[in-house]
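Written out below as structure tokens is the structure these notes cover.
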Amino acid sequence: MVARWSVVILTTAVLQIGIAPNFLVFGVVGDLMLLIAISAGVAAGPERGAIVGFWAGITYDLMRPGPLGLSALAYSLIGFAVGSLLVSVLQVRRVLAAGIVVVATMVGELTAAVGGQLFGQPTLANPRLWTIVAVTGLINGALSFLVIPVARWAEGATAMAEGGGMLGTLDG
């Protein structure tokens, strides 16, 4: 399971840095690393969401300028929150899961912006902040139909034995 998550995080990092910048939507790049953290929370619960969020965030922080650990903190919090939200829900339809990903991505982007402001970056003063938050949320929501099954695969036998993780059978 750890090896699978490592492959997912490293592959996503390559996609985030090498390919995603070529697919801008209204000048915004989707936050694939945050999407992996959220998908881990959706597929496997709060603990896995926090762990994957930390490693995805620290990996992303190492590849770009800015305070080291800021993405790790934000992604861990969001992965944990999404997993905690879905603990009581055994089956979630795909459309509802995508909606959760949209909202969680928007909250994650705002969390990172507030954290950046606390560390002296003018992130909250960015006039495009709300465009970035909205577009990133929509991109990640659309990609969630592909990424949540990857998270279920990375979780391995545990998620499958529990009826497909937090998403159950993904009816829908």
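The values are calculated or read from the model by the stated rules, or taken from the named source; none is laboratory data. For clarity, every value in this text was computed on a predicted model and none was experimentally measured. Neighbour counts run over all protein chains shown; Cβ positions are idealised from the backbone, glycine included.
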Does any residue of the range 148-156 turn out to be closer than 25 Å to G66 by Cβ, in a helix (DSSP H, G or I), modelled with pLDDT of 95 or more and in contact with a Ser or Thr (Cβ under 9 Å, 6 or more places away or on another chain)?
no
All-but-one check, P65 against (1) at pLDDT below 95; (2) within 20 Å of G156 (Cα to Cα); (3) of a type outside the set (A, V, I, L, M, F, W, C), failing number (2)
So which of V114, V95 ends up being in contact with a Gly (Cβ under 8 Å, 6 or more places away or on another chain) and farther than 17 Å from G41 by Cβ?
V95
Filtered residue count, the range 105-161, keeping only those that are among the polar types (S, T, N, Q), within 18 Å of T12 (Cβ to Cβ) and in contact with a strand residue (DSSP E or B) (Cβ under 7 Å, 6 or more places away or on another chain):
1
Suppose the filter is under 14 Å from the mean Cα position of the chain (by Cα) and either charged (D, E, K, R) or at pLDDT below 95 (or both); does E109 pass it?
yes
Filter result for G49 (modelled with pLDDT of 95 or more, farther than 17 Å from V14 by Cα and touching a Lys or Arg at 6+ places or on another chain (Cβ under 9 Å)):
no
